[in-house]
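One structure is given below, encoded as C-alpha cells.
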2 protein chains.
Amino acid sequence: LNAEIIGVGTELLLGQIANTNAQRLSAALATIGVDVYYHTAVGDNLNRMTEVIGRAATRSDVVIITGGLGPTPDDITREAISATFDVPLVRRADLAGELREFFERRGRRMPEANLRQTDLPRGAVAIPAEGTASGFHLEAGNTLVIALPGVPWEMVQMLQKVVLPLLRSRSGEVTISREVLVAGLGESHTHERIADLVAAQSNPTIAYLAGYGLVRVRMTAKASDEAAALALIAPVEAEIRARLDRHAVPGEGATLAQVLGNLLVARSATVAAAESLTGGLLGSALTEAEGAGDYFAGAAVTYATRAKGSVLGVDAGLLEDPGPVSEVVAGQMAEGVARLFGADLGLATTGVAGPAEQDARPVGTIFVAASWRGATEVRHIRGYGDRDSVRGIAVTSALDLGRLMVQADS
Amino acid sequence: LNAEIIGVGTELLLGQIANTNAQRLSAALATIGVDVYYHTAVGDNLNRMTEVIGRAATRSDVVIITGGLGPTPDDITREAISATFDVPLVRRADLAGELREFFERRGRRMPEANLRQTDLPRGAVAIPAEGTASGFHLEAGNTLVIALPGVPWEMVQMLQKVVLPLLRSRSGEVTISREVLVAGLGESHTHERIADLVAAQSNPTIAYLAGYGLVRVRMTAKASDEAAALALIAPVEAEIRARLDRHAVPGEGATLAQVLGNLLVARSATVAAAESLTGGLLGSALTEAEGAGDYFAGAAVTYATRAKGSVLGVDAGLLEDPGPVSEVVAGQMAEGVARLFGADLGLATTGVAGPAEQDARPVGTIFVAASWRGATEVRHIRGYGDRDSVRGIAVTSALDLGRLMVQADS
C-alpha cells in the first residue's frame, strides 16, 4: 500500500508554519507498513488544489489531505475534492445537528457559516469532528481519499482513532521500528562501522538520522505480525550494538534524557544541572518527559562568570585563570550544583556558543562535566555549526557523559 | 516572480524530520516578494525526482531543490537535474581542489567518494560549499534551478549569501516586512480589534501568526525601493499599534526576550530567572540572542519543591500552604532569584504543565512573577494545550510581565 500526503494552506507556503502534519502522518504510516512517496503543500486555490489532488489519485493508493476544512470562505478542500472527482457535495443533516449541539454545549449560537463544514462529497464516510471540522474518507476509483483538519491536535486524534485502523485493515502486514541511539560518535564514524550492513539491508531496512551530537539508527521490519517483525530486527540490532560498542546507548528511551532518567529512577537517584552556554537547554531537556519530577532536582544557569562563584562555589581564582571556559571550572560546576540541590548526579556545561570567541577560546569550545556520588569526569568537545548547533551538542554531550557514569556504577 | 521548493530525502517521507528547509526558504522568499505556490518532498529515487523536477520547471520561474548533494550513493540530486534537463555532469577541478583543502585543513584525507560532490551540470554556477557540498544554480530554459544542501545550517548560509541577492536582483521590486509583537491578548481578540484592517488589506498585506501566548502581526509591502515600502507600512503599523494599545510590544525585536534585553541594556540592568514548570526554557529564551551576556545573569531551575526553599529562600511554610503552585510562592521565587544572582529584574514561573494535575491545581495553571528593583507583581494565567504549549505560554507570560514593568520605569 502506498500513500501521499497533501497539505493545504497558504500559511505553509508563506513559511509561517512547518508542515508537521506531513511529518506526523508519515511517521505513523511508516509504523504500519504504508510507503509514502510524495508530500505536497499547496495554497487555498481551487485550480492548483484540483491539479495536485488529481495527479496524486493517479499514482497513489491512498491520498491524505490535511487542512482547508474550516468554516471560512478560503477553506475549500471539500469543494476541491468534489471538483476533482466530479462528485457533488451533500449537506449532512446528522453532522449539522451534532455541530449545533457542539456550540450549544458551550453556550454559544452556531454561526451559519459553520454549516459549510457539514457538506461532504456524496458517498463519503464522515470521521467524527474533534472540534468543529468533520473529516471524511471517500473511495474515488481505485484511490482512497482521506480529508483531515489542519489543526494538528484534531488531525492526530482522527489519525489514531480512524485512519490507522482503516489502513491497517487494508495493508495486511505490520511494520515495526526500533531505534539505537548513538552518542559521541558522529554520523560518518557511525556509518563506517556499519556501512556493510546498510548496503546489504532489505528487511529490516536501516536508516539513520543525525541530530546535535547524536545519531539515531532506525531498523524497520515488515512482517505478518509484530512478533515476526521483532524477530527480524533482533539479530540486526544485536550486531549494530556490538559494533558501536559503548556508543550505542542501551535501552529503549526515545531521547538521551529519557535514558538517563530511567537509569536514575532505577537507582533512586536524582540529577541537577549547572549550565553556562546552554542557558537552560539542559534543564529543559531533562524536564521534557512528564515523569521528570522523579529524578530532576533542578538547575543553575550561571551565565555571568561571577554567578559561577557566588551560586555554585567555583573558586574565584580559577575563574580568573584558566577562566570560566575550562576543564577545571566545568568539574567544579558539576560538583557545586550537585551540592546546591542535594543531587546524586551533577552535570555541567561551559563553552563558547559564538558567534565571537571568548577569552581566546574559539567558537565551538565545549567542556562538559559529570559528578556522580563524589567522582567527577570532564570532557573537552569541539562543537561545530551555528549557535543552536553548539548549544545542542553541549546538551547531548553532558547527558551522554552522565549516562556513561551512572551506567558504569551498577 | 514565482517559485517552488522541492525537498529531497527519504527521511522526510518517513517522518523522521519535518521539512523545515521549505519553511525557512518560503519565509525568506516572502520577504523579497517571491510567491511560492508549491512545496514537494520526494525520496532519493531518480524516476520520481526527475518527474517532480520536470513538472516544477514547466510551471515555476524558480525551482529550489534542497538535499541529495552529499557524497553517498543515495545522494542523486546532481544526477536527477542532469537527467531532467539533459545536461551532462562535469567534474569541476576548482571545486575538487577546494574540497581537498577542506579535508587537509582538518588533518584528514579526503575519501574518494567525496569527489562526486564536485560534479556539476554543465553551465551551472557553483555556490561555495559551507561544509563539503557545493550548491549551484543553472538556467534551464526559462527556469532558474537552484540546488542547495539539505543540512539546514549550510542551506541557510547559501540562502543568505547567494540565493536571496540573486532573486532580489531578478524580481525588480523589494518587499519589506515589519512585525508587531502582541503579548497577552490572544489571536481571536487581536483579530477582533483589527479585523476591518485585515479585510481591507492590499499593500501592505497583513497576516498574523499565533505562538505560545504571543501573536505576530506582520505587514508586508511591495514597492520599487525600501523607503517607499516602509512609507506604505508606517501608517498601517501606527493604526494597529494604537488599537492594540499596551499589548503591542514597542520596538523592533524579533522576540519578546530581545525586546526585554534591549530595555535592560538601555538601563544598564540585568535579569535572572527562577523556573519551575518551564525547566530552563525561560533561561534558554533569554540566551538565544548573542548579546545575552550583557543583561542575563543566570537562572535557577528549582524543579523539586525543596529547592525552591533551599536555593531561592522561599518560606518553607508557604511551600506547604498554599503550596509551590501559588501566587505568593511565584513572587518569592522572583525576589529570591534576583537576590541570588544580584540582578535588577527577577522573573519566575511556577505551574502545572501536565498531563496530570498537581496539588489539586488543574493542568494549565500558571503563575508568573517579576520583581524589578524591589517591586514585585504576579499574574495568574490559564494555559491550554499540551505540555509544550503550557510551558511556552508560561515563558511568554513571564517575559511580557517583565517587559511591562521595566518599560513603565522609564
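Quick notes
- Condition met for residue A:313 (within 30 Å of residue A:265 (Cα to Cα) and of a type outside the set (D, E, K, R)): yes
- Residues satisfying the stated conditions in the stretch A:1-50, i.e. of a type in the set (Lys, Arg) and at pLDDT 95 or above: A:48
- When residues in the stretch A:287-306 are screened for being facing chain B (nearest Cβ under 7 Å), buried (at least 24 other Cβ atoms within 10 Å of the Cβ) and touching a helix residue (DSSP H, G or I) at 6+ places or on another chain (Cβ under 7 Å), 8 of them pass.
- The set of residues in the stretch A:254-277 that are under 20 Å from the mean Cα position of the chain (by Cα) and farther than 15 Å from residue A:402 by Cα contains only A:254.
- Verdict on residue A:292 being outside any strand (DSSP E or B), of a type in the set (A, V, I, L, M, F, W, C) and in contact with a Leu (Cβ under 9 Å, 6 or more places away or on another chain): yes
- Any hit, the stretch B:29-43, residues being surrounded by 24 or more Cβ atoms within 10 Å (Cβ to Cβ), touching a strand residue (DSSP E or B) at 6+ places or on another chain (Cβ under 6 Å), farther than 29 Å from residue A:34 by Cβ and away from chain A (no Cβ under 11 Å): no
- Against the list (1) at pLDDT below 95; (2) within 25 Å of residue A:3 (Cβ to Cβ); (3) not β-branched (Val, Ile, Thr), the condition residue A:103 fails is (2).
- Residue in the stretch A:62-84 that is within 12 Å of chain B (Cβ to nearest Cβ), touching a residue at least 12 places away in the same chain (Cβ under 8 Å) and more than 18 Å from residue A:131 (Cβ to Cβ) present: no
- Here residue A:315 clears all of (1) surrounded by 14 or more Cβ atoms within 10 Å (Cβ to Cβ); (2) more than 30 Å from residue A:171 (Cα to Cα); (3) touching a residue at least 12 places away in the same chain (Cβ under 8 Å) except the condition numbered (1).
- Considering the stretch B:267-286, the residues that are hydroxyl-bearing (Ser, Thr, Tyr) and on the phi < 0 side of the Ramachandran plot include one that is nearest to the other protein chains (Cβ to nearest Cβ), namely B:284.
A quick yes/no check of all residues on (1) away from chain B (no Cβ under 14 Å); (2) in contact (Cβ under 8 Å) with a residue 60 or more places away in the chain; (3) polar (S, T, N, Q); (4) in a helix (DSSP H, G or I):
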position: A:331; (1), (2), (3), (4): yes, no, no, yes
position: A:338; (1), (2), (3), (4): no, yes, no, yes
position: A:343; (1), (2), (3), (4): no, yes, no, no
position: A:349; (1), (2), (3), (4): no, yes, yes, no
position: A:356; (1), (2), (3), (4): no, no, no, no
position: A:371; (1), (2), (3), (4): yes, no, yes, no
position: A:393; (1), (2), (3), (4): no, yes, no, yes
position: A:400; (1), (2), (3), (4): yes, yes, no, yes
position: A:407; (1), (2), (3), (4): yes, yes, yes, yes
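- Residues satisfying the stated conditions in the stretch A:263-291, i.e. in contact (Cβ under 8 Å) with a residue 24 or more places away in the chain and of a type in the set (Gly, Ala, Ser): A:269, A:272, A:273, A:274, A:276, A:279, A:285, A:289, A:291
- Single residue of the stretch A:263-286 satisfying the filter (part of a helix (DSSP H, G or I) and among the small types (Gly, Ala, Ser)) that is surrounded by the most Cβ atoms within 10 Å (Cβ to Cβ): A:283
- Residues that are surrounded by fewer than 23 Cβ atoms within 10 Å (Cβ to Cβ) and out of contact with any helix residue (DSSP H, G or I) (no Cβ under 8 Å at 6 or more places or on another chain) within the stretch A:366-410 comprise A:373, A:374, A:382, A:388, A:405, A:408, A:409, A:410, listed in sequence order.
- The condition of being in contact with a Ser or Thr (Cβ under 8 Å, 6 or more places away or on another chain), in contact (Cβ under 8 Å) with a residue 24 or more places away in the chain and buried (at least 20 other Cβ atoms within 10 Å of the Cβ) holds for residue B:176.
- The condition of being farther than 17 Å from residue A:397 by Cα, at pLDDT 85 or above and of a type in the set (Gly, Ala, Ser) holds for only one of A:229, A:248, A:207, that being A:229.
- Flag if residue A:144 is modelled with pLDDT of 95 or more and either part of a strand (DSSP E or B) or surrounded by fewer than 20 Cβ atoms within 10 Å (Cβ to Cβ) (or both): yes
- Enumeration of residues in the stretch B:309-329 that are within 9 Å of another protein chain (Cβ to nearest Cβ) and touching a strand residue (DSSP E or B) at 6+ places or on another chain (Cβ under 6 Å): B:311
- All conditions but one from (1) under 23 Å from the mean Cα position of the chain (by Cα); (2) charged (D, E, K, R); (3) more than 9 Å from chain A (Cβ to nearest Cβ) apply to residue B:11; the one that does not is (3).
- Residue match in the stretch A:220-232 (condition: on the phi > 0 side of the Ramachandran plot and either among the charged types (D, E, K, R) or assigned to a helix (DSSP H, G or I) (or both)): no
- Checked against (1) more than 15 Å from residue B:149 (Cα to Cα); (2) without any contact (Cβ under 8 Å) to a residue 60 or more places away in the chain, residue B:30 passes all but a single condition, namely (2).
- For the stretch B:223-238, the count of residues that are in contact (Cβ under 8 Å) with a residue 60 or more places away in the chain and not hydrophobic (A, V, I, L, M, F, W, C) is zero.
- Restricting the first member to the stretch A:108-135 and to residues that are farther than 20 Å from residue A:64 by Cβ, and the second to residues that are among the basic types (Lys, Arg), the beta-carbon pairs closer than 8 Å and six or more apart or on different chains are A:110/A:100; A:115/A:91; A:116/A:78; A:118/A:91; A:118/A:92.
- Selection count, the stretch B:12-26, where residues are free of Cβ contacts under 8 Å to residues at least 24 places away in the same chain and either buried (at least 22 other Cβ atoms within 10 Å of the Cβ) or under 24 Å from residue B:174 (Cα atoms) (or both): 4
- Filter result (in a helix (DSSP H, G or I) and more than 18 Å from residue A:338 (Cβ to Cβ)) within the stretch B:310-328: B:316, B:317, B:318, B:319, B:320, B:327, B:328
- Test for residue A:188: is it under 24 Å from the mean Cα position of the chain (by Cα), touching a residue at least 60 places away in the same chain (Cβ under 8 Å) and surrounded by fewer than 22 Cβ atoms within 10 Å (Cβ to Cβ): no
- For first residues located in the stretch A:247-262 and farther than 12 Å from residue A:214 by Cα and assigned to a helix (DSSP H, G or I), partners that are among the basic types (Lys, Arg) and modelled with pLDDT of 90 or more and lie 6+ apart or on another chain with Cβ distances below 8 Å form the pairs A:259/A:403; A:260/A:403.
The values are calculated or read from the model by the stated rules, or taken from the named source; none is laboratory data. Owing to the predicted nature of the structure, the values given are computational and were not obtained by experimental measurement. Positions of Cβ are backbone-derived with ideal geometry, glycine not excepted, and every protein chain shown enters the neighbour counts.
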